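The values are calculated or read from the model by the stated rules, or taken from the named source; none is laboratory data. Keep in mind that this is a model prediction, so the values were computed, not measured. Here the Cβ positions follow ideal geometry from the backbone for every residue, glycine too, while neighbour counts run over all protein chains shown. Remember, those area values only see protein heavy atoms, side chains included, never the ligands or the DNA or RNA. Shrake-Rupley method; radii C 1.70, N 1.55, O 1.52, S 1.80 Å.
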Amino acid sequence: MKMKIAYQGVAGAYSHIAAMQVFPAQTYLPCETFEEAMGKVSAGEADAAMIPVENSNAGRVSDVHFLLPQTGLHIVGEHFLRIEHQLLGLPGAKLEDIVAASSHPQALAQCADFLKAHGIKPMARIDTAKSCEDVLAWQDMSKAAIASKLAAEIYGLQILAANIENASNNTTRFLIMSREEAVPEDDGCKFITSFIFKLKNIPAALYKALGGFATNGINMTKLESYLLDGKFVSAQFYAEIEAHPQTQAYKNAFEELSFFSNYVHVLGTYSSARDRM
């Protein structure tokens, strides 16, 4: 039986491409939102969700960090996808005639230099491939979409300009979410553990909470804060470390973290992707 993989967007979206790379020849379920994609996994309607969390050029994907702890899902893997944006227009359209291009805000940011150089107005849309549907619906030779080569094939659009992203190493990182926790055995390879924590309201709490990772020789690769409940005094942190739960260093570090936190939630431990570096 084929696995069902949920992703945000429509056919041809980069999340769709990532899902096909990690889970080839499976069934792919398009969703309107990240919340819907993860909700399908929670409800048992999908086996996994492919969720973008950050881009090397445009930074963090908004909203995802808020959703991760609410879903009850586990992170079981990561995938890095090289993003190659194409300017897509109707058959017969010309680059010099394009005055506006629609796409996801992240894609527009990743192609800002090209758009500015050619005087093309960016138009935000919920998804890159969804913008292709816009172009077909508008039937306006002066409007284009920014999306993938796969999207061009699916929607029958013409590539007016290839690889228009700002940076040649433009890459998006995806997390693979599952209902079941799947912590791999510690075989000496590199592992990533993602977790969320909230500090106690005491002086130097963050400094002290992170001290355990430093003294135990654990590398912290990510630390981000975001506000909760609209309160400027209620910050929660998302962190990633290179460590496996079976190691003593991990156990010592989390024991020290617990002294200065009133909430710690481990989202998952998974193998570090080969493309991480």
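Under a model in which nothing but the beta-carbon of Lys, Arg (+1) and Asp, Glu (-1) is charged, the chain shows a dipole of about 360 debye around its Cα centre.
I need the semi-axes of the equivalent ellipsoid of the chain: take the C-alpha gyration tensor, multiply each eigenvalue by 5, square-root it, list largest first in whole angstrom. Show your work: numbers first, answer last.
Details: eigenvalues 290, 84, 54 Å².
Values for the chain, descending: 38, 20, 16 Å.
How much length is gained if the chain between Ala100 and Ala182 is pulled fully straight, taking 0.36 nm per residue apart and subtracting their Cα-Cα distance, in nm to one decimal? List each step's numbers first, then the result.
Details: separation 82, 0.36 × 82 = 29.52 nm, distance 4.49 nm.
Contour length minus Cα-Cα distance gives 25.0 nm.
Taking the Cα centre of region 20-119 as origin and charging only Cβ (+1 Lys, Arg; -1 Asp, Glu), how large is the dipole, in debye to the nearest 20? Working shown, then result.
Values: 5 positive and 12 negative charges, 40 e Å.
Approximately 200 debye in magnitude.
Most simply put, the chain has about 75% antiparallel DSSP beta bridges, counting only bridges with both residues inside it.
Look at the dipole of the chain built from charges on Cβ: of Val22, Ile241, Val10, the Cα furthest out on the positive end belongs to Ile241. For the chain, the per residue solvent-accessible surface stands at 47 Å², with DNA, RNA and ligands left out and a 1.4 Å probe. Our summary of shape: the Cα atoms of region 108-184 have principal axis extents of 51, 28, 20 Å, ordered from largest down, in whole angstrom.
Plugging the Kirkwood radius over Cα pairs into Stokes-Einstein for region 178-277, at a temperature of 4 °C and a viscosity of 1.567 mPa s, what D comes out in µm²/s? Write out the running numbers ahead of the final one.
Numbers: Rh = 14.3 Å.
Taking Rh from Cα pairs, D becomes 91 µm²/s.
Computed over protein heavy atoms with a 1.4 Å probe, the carbon and sulfur contribution to the accessible area of region 1-130 reaches 55%. Selection among Leu87, Leu73, Ala253 by position relative to the dipole of the chain gives Ala253 as farthest towards the positive end (Cβ unit charges, Cα centre).
Of the accessible area of region 131-277, computed with a 1.4 Å probe over protein heavy atoms only, carbon and sulfur atoms account for 51 percent.
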